[in-house]
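Working notes, structure below.
Just so it is clear, none of the values below were taken in a lab; they were calculated from the coordinates. Since we're looking at a predicted model, the values are computed, not measured. With ideal geometry, Cβ positions are generated from the backbone for all residues, glycine too; neighbour counts draw on all protein chains shown.
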Amino acid sequence: MPKTSERVVDTLIESGVTHAFTLPGLGITWSLPAFNARRDKIDVVLTRSEWIASVMAQATGRLTGRPAALMGQGPWITTIGGVGILEAHFCGSPMLILTETSDYDGYGQMGVYQTMTGDYGGADAMASLKPITKYCTYATSPAEAVYGTQMAIKHATLPRQGPAAVIMKTPIIREEIDDSARPALYPSEGYQRYTPARPDRDAVIALAELIDGAASPVIVAGNGVMTANAGVALQALAESSGIAVASSYNAKGIVAETSEIAVGMLGTWGAPTANRAVASADLVIMIGASMGPDYTRFRDPELIRPGEQTLVQVDVDPRNAGWVYPVDTAITGDAADVVAMLDEIGLSTKSRETRVAAIAELKARTGYDEFPRPAAQQGTVHHADLVASVQAFLGRDDFLTLDAGANRIWSTFGLRMPYPQQLLVPGGTGIMGWGPPAALAAKLVDPSKRVTCLAGDGGFMMTLQVVTTCVQQNADVVFLVGNNAGLGMVRDNLAENRIAVDFEDVDFAKMVEGLGGKGLTVHHADEIGDALNEAHRLGGPVVIDAKVDPDASHHEAVDNAPL
């Protein structure tokens, strides 16, 4: 008879899960022979920590729209692995968590160390994961483990997507399944069939009429557009009728930010052009965008003005429409379906030239294509130099991931992504150390892409072990580290009260060589572009240690001026 682990692996495969990321322990170790027997169907990637595994699973799900599996021992998945789970929860990435209770063959009620059953003397895996997942189940029998996995994948992939967890009582993982036992188990396909509801056509026709009648309409594209893989279609629609497109942070680069209709990312750390385009709009169409305070300048009363502007919100989940702002019209539907329906209905082009000219005038007035280049101390570079070099480097087949900190603020403020959907950011939590594992995940998802990660030294140090995973996966990923020997953003904010923000300088170029990669060091702005080209030519994981002026501030990369 098959074991629980074997049936769970079969369920993953028949449900379309192609990648599992793990640092195995206890019960998950017991499941590895089942994965080994099916290694031609599902790729198991060994990582150096549950943190790295969780980010890679989350990023894979976000890029593919299908859940990847995060696997590990209960105490560590519920703690260290919570990094990627939280990111998946906040930004709606499909993800499957497989873990166990570490109760050592029935000793869970006796306070055995590491136990996660929730009994006296232990901790509670269910209580830890339930608040940060869409679905969480505790399987105490083989049948519950299989059915729970089927349900977890179902919940992870339905709107709004997110993480779903199966916690198995450890001893059941290697128990045999009696197929004659009740309740019966059935194939996964029937549980996971889903036909998305189509948007109401009359509501979309009414939206088309609003757009045709507006003088200065603006689309705010959010994470839902990225999830629907609708950036290219949205850009074509907006260009055809001259609609300005701004983005949330999660969706930065969802359309080519060099397009005539693109006005950049909203928010304090976004483009002044985007903020003023929305503020001056008579019609604001929010597509898959929550309009969260973090990218609306914390509900700046001059940015979005209910009752004065016409507000339309499109979201796959009706609960999200009218969430942060009251709206005039709410349309329930997938972003791709609504964009396709608008295209089918057809938008008027009579105002296109006037609208495009107004967008161009706004860009010129707000310096959309101008980028400040503050000076750095001799022998160092500025964050702005890194961003300018990345901007000049990016081509059609490039993919970029960002991390947290001052380097990211300069990127969101000044970077203009030249092609749609070639950027991935930690948009749910903004956690440090996210960018490097996400970059490797992106490379595994699409090996044809040239993948670069821009991170600070603080964030890169947290997950630099991913370099060893790049080596074992034979993955060409380049990590551009803005090394200012400290927590630059926090340091800026503390000003003269500077404490607990300065690190000793680390030689990342030497360090990465010990991990099996290659290292380069740059001290001058004109070396960055050459280093990027050389790093990708070298192949394999390469770290560029860019020595950033510790006094280089992020305060020049903000837009908090009155609108």
> Hey, got a sec? Which trypsin sites (Lys or Arg not before Pro) in the range 465-563 land in a DSSP loop and have at most 13 other Cβ atoms within 10 Å?
Replying inline: 498
> How much net charge surrounds residue 2 when only the other residues with a Cβ under 15 Å from the Cβ of residue 2 are counted, with Lys and Arg +1 and Asp and Glu -1?
Replying inline: -3
>> Is the C-alpha gyration tensor of the range 4-192 telling us rounded, prolate or oblate? Criteria: a/c under 1.5 is rounded; beyond that, a/b larger than b/c is prolate, otherwise oblate.
In response: rounded
> If packing is taken as the mean number of other Cβ atoms within 10 Å per residue, what is the order of 344-350, 265-271, 20-26, highest first?
Replying inline: 265-271, 20-26, 344-350
>> Taking R0 as 41 Å, what FRET efficiency do you get between residue 130 and residue 373 from their Cβ-Cβ distance, rounded to the nearest 0.05?
In response: 0.25
>> Set the bar at 30 Å for Cα to Cα. Now go through 130/449; 134/443; 3/449; 41/443; 449/510 and name every pair that lies beyond it.
In response: 130/449; 3/449
>> Could you give each residue of the range 392-399 its phi-based ³J(HN,Hα) in whole Hz, using Karplus coefficients 6.51, -1.76, 1.60 with θ = phi - 60°, and x for Gly or Pro?
In response: 5, 7, 5, x, 4, 9, 8, 9
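Ranked by Cβ crowding within 10 angstrom, fewest neighbours first, how are 366, 11 ordered? Before the final figure, lay out each step's value.
On the way: 366 20, 11 23.
Ascending Cβ contact count within 10 Å gives the list 366, 11.
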> Between residue 308 and residue 38, what is the spin-label point distance in nm, taking each point 7 Å from the Cα along the Cα→C-beta axis?
Replying inline: 5.8
> So which trypsin sites (Lys or Arg not before Pro) in the range 352-427 pass both tests, a DSSP loop state and at most 14 other Cβ atoms within 10 Å of the Cβ?
Replying inline: 396
>> Can you tally the net charge around residue 218? Count Lys and Arg as +1, Asp and Glu as -1, for every other residue whose Cβ sits under 11 Å from the Cβ of residue 218.
In response: +1
> Looking only at the range 168-186, which residues have a backbone nitrogen under 19 Å from a spot 7 Å from the Cα of residue 1 in the C-beta direction?
Replying inline: 169-186
>> When a/c reaches 1.5 or more, the comparison of a/b and b/c decides; with that in mind, is the range 201-366 rounded, prolate or oblate per its Cα gyration tensor?
In response: rounded
>> Rounded to whole Å, give me the distance from the Cα center of the range 203-242 to that of the range 323-358.
In response: 3
> Nearest 10 degrees, 0 to 90: what angle lies between the long axis of helix 528-538 and the longest principal axis of the chain (Cα atoms)?
Replying inline: 40
>> With a cap of 14 neighbouring Cβ atoms within 10 Å, and only residues DSSP puts in a loop, list the chymotrypsin sites (Phe, Trp or Tyr not before Pro) found in the range 443-508.
In response: 503
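Please give the length that would be gained between residue 344 and residue 524 if that part of the chain were fully extended, namely 0.36 nm times their separation in residues minus their C-alpha to C-alpha distance (nm, one decimal). It would help to have the intermediate numbers written out before the result.
Values: separation 180, 0.36 × 180 = 64.80 nm, distance 5.15 nm.
Result for the pair: 59.6 nm of gain on full extension.
Tell me the net charge near residue 318. Cut-off is 13 Å between Cβ atoms, residue 318 excluded, with +1 for each Lys or Arg and -1 for each Asp or Glu. Before the final figure, lay out each step's value.
Details: positive: 160, 319; negative: 200, 315, 317, 334.
Here the charged neighbours net out to -2.
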>> Once you place label points 7 Å from the Cα toward the Cβ at residue 357 and residue 323, how far apart are they in nm?
In response: 3.9
> Under the rule of -39500 (n - 2.57) per DSSP H run of 4 or more residues, summed and divided by the residues of the chain, what mean residue ellipticity at 222 nm is obtained, to the nearest 500 deg cm²/dmol?
Replying inline: -11000 deg cm²/dmol
> Under a point spin-label approximation (7 Å from Cα along Cα-to-Cβ), what is the residue 202-residue 179 distance to one decimal in nm?
Replying inline: 5.2
> Helix 50-64: angle to the longest alpha-carbon principal axis of the chain, degrees 0 to 90, nearest 10?
Replying inline: 60
>> What do you get for the angle between helix 335-345 and the principal long axis of the chain? Use alpha-carbon atoms, 0 to 90 degrees, nearest ten.
In response: 50
> Which label belongs to the value computed from this structure, given these candidates for semi-axes √(5λ) of the Cα gyration tensor in Å: [x] 70, 25, 20; [y] 40, 32, 20; [z] 54, 25, 22?
Replying inline: [y]
